[in-house]
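The structure appears below as structure tokens.
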Amino acid sequence: MEVLILKTNIRFKKQVKAVAPLLDSRQNIARWNIDLNDVDKVLRIESKDIQLKEVVQLIHAAGFHCDELAD
Amino acid sequence: MNEHSFIFVLTMRARDDNKIQAIRNKAIEMIVDQGLDGFSMQKLAKAANVSPATLYIYYKDREDLILRLWGEVFSEMAEATLKNFDTEMSFSEGLKVQWMNRARFGLKYPKYMQFMEQLHHSHLQEKVLELTGADFKKAMQTFVSNAIKRKELVKVDLEVYWSIAFAPMYALVKFHQEGKSIGGKKFTMTDKVMNDTLKLVIKALTP
């Protein structure tokens, strides 16, 4: 199981609800959550074989921005 | 594609307990020194010398971290308070044991007490209260109801009880930690001060 961490500009609960179906519908995403309480609005994904590109595309399609979380 | 953006978590991999401990202590320190509102995963990662991504392996989000921290600190406090304590003890005996245990714990871990205070006054209070050890609560309640039944303790509201039974002790602990009491008067905790105060507390709570 991989844990993929991305920072996003998803800031409100309403926006999380908007992307939820897109993330839920992906078979290869086991669990995901967005930390709205933190400055980076981190999207955390537990998955077995998801590609970063796939997630980026998905988030962009929903109208949001996301980026790798810098080390 | 930057391979640092993927964190591979193998199910068999041992968690780095030292790292977790360091993160834990740093988080408590930061929350006590800078308050809960100013606390962020990003700041913690920098202060603890780990990448933010590392934090998110161990904790689902900021709230998860804070609540788990609270749970751990609370269990330690509960365990320390209940050491050599029996709910069947007489009121004066049981209260003395609790005083000594709680004071010792508060003096040994000053940041823990301040941390718990921060959380009590935060919007997370409800969630925090849900987590409060049911066992610990039950032990406290059983001790009190036994003492009331035996007519060793007056029957009063919880807040009245707590303000007299424990608040004085915590006030003394705070004075000791600051090295001074009222009006800048120098102060060090002694057994005599503890015992004198405890005696009056018990007197006040005896029917």
Within region B:47-71, track down each residue that is among the polar types (S, T, N, Q), more than 7 Å from chain A (Cβ to nearest Cβ) and not in a helix (DSSP H, G or I). B:Asn49
Mind listing whichever residues of region B:100-119 are of a type outside the set (Asp, Glu) and within 13 Å of B:Gly35 (Cβ to Cβ)? B:Gln114, B:Phe115, B:Gln118, B:Leu119
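Which residue is surrounded by the fewest Cβ atoms within 10 Å (Cβ to Cβ), if the candidates are limited to region B:84-124 and must be of a type in the set (S, T, N, Q) and in contact with a Leu (Cβ under 6 Å, 6 or more places away or on another chain)?
By that ranking, first place goes to B:Ser122.
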Of the conditions (1) modelled with pLDDT of 85 or more; (2) out of contact with any Lys or Arg (no Cβ under 8 Å at 6 or more places or on another chain); (3) not polar (S, T, N, Q), B:Phe8 satisfies every one except a single condition; which number is it? (1)
How many residues, within region B:148-205, are within 15 Å of B:Gly106 (Cα to Cα), assigned to a helix (DSSP H, G or I) and touching a residue at least 24 places away in the same chain (Cβ under 8 Å)? 8
Out of all the residues in region A:12-21, which are more than 14 Å from chain B (Cβ to nearest Cβ) and either in a strand (DSSP E or B) or surrounded by 15 or more Cβ atoms within 10 Å (Cβ to Cβ) (or both)? A:Gln15, A:Val19
Long-range neighbours under 6 Å by Cβ, at least six apart or interchain, first residue not assigned by TED's automatic domain parsing to the domain that holds B:His123 and modelled with pLDDT under 95 within region B:29-47, second of a type in the set (A, V, I, L, M) and in a loop (DSSP other than H, G, I, E, B): B:Ser40/A:Val39; B:Gln42/A:Val39
Could you list, ordered by first residue, the pairs with Cβ atoms under 9 Å in which the first is in region A:52-71 and on the phi > 0 side of the Ramachandran plot and surrounded by fewer than 12 Cβ atoms within 10 Å (Cβ to Cβ) and the second is polar (S, T, N, Q) and in a helix (DSSP H, G or I), at least 6 apart or interchain? A:Gly63/A:Gln15
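In the list A:Asn33, A:Asn9, which residue meets the criterion of being surrounded by fewer than 20 Cβ atoms within 10 Å (Cβ to Cβ), within 8 Å of chain B (Cβ to nearest Cβ) and touching a Lys or Arg at 6+ places or on another chain (Cβ under 9 Å)? Talk me through it step by step, then tell me what you get.
On the way: A:Asn9 fails: within 8 Å of chain B (Cβ to nearest Cβ).
Exactly one residue qualifies, and that residue is A:Asn33.
The values are calculated or read from the model by the stated rules, or taken from the named source; none is laboratory data. Keep in mind it's a predicted model, so treat the numbers as computed, not measured. When we count neighbours, we look across all protein chains shown, and the Cβ atoms used for this are built from the backbone with ideal geometry, even at glycine.
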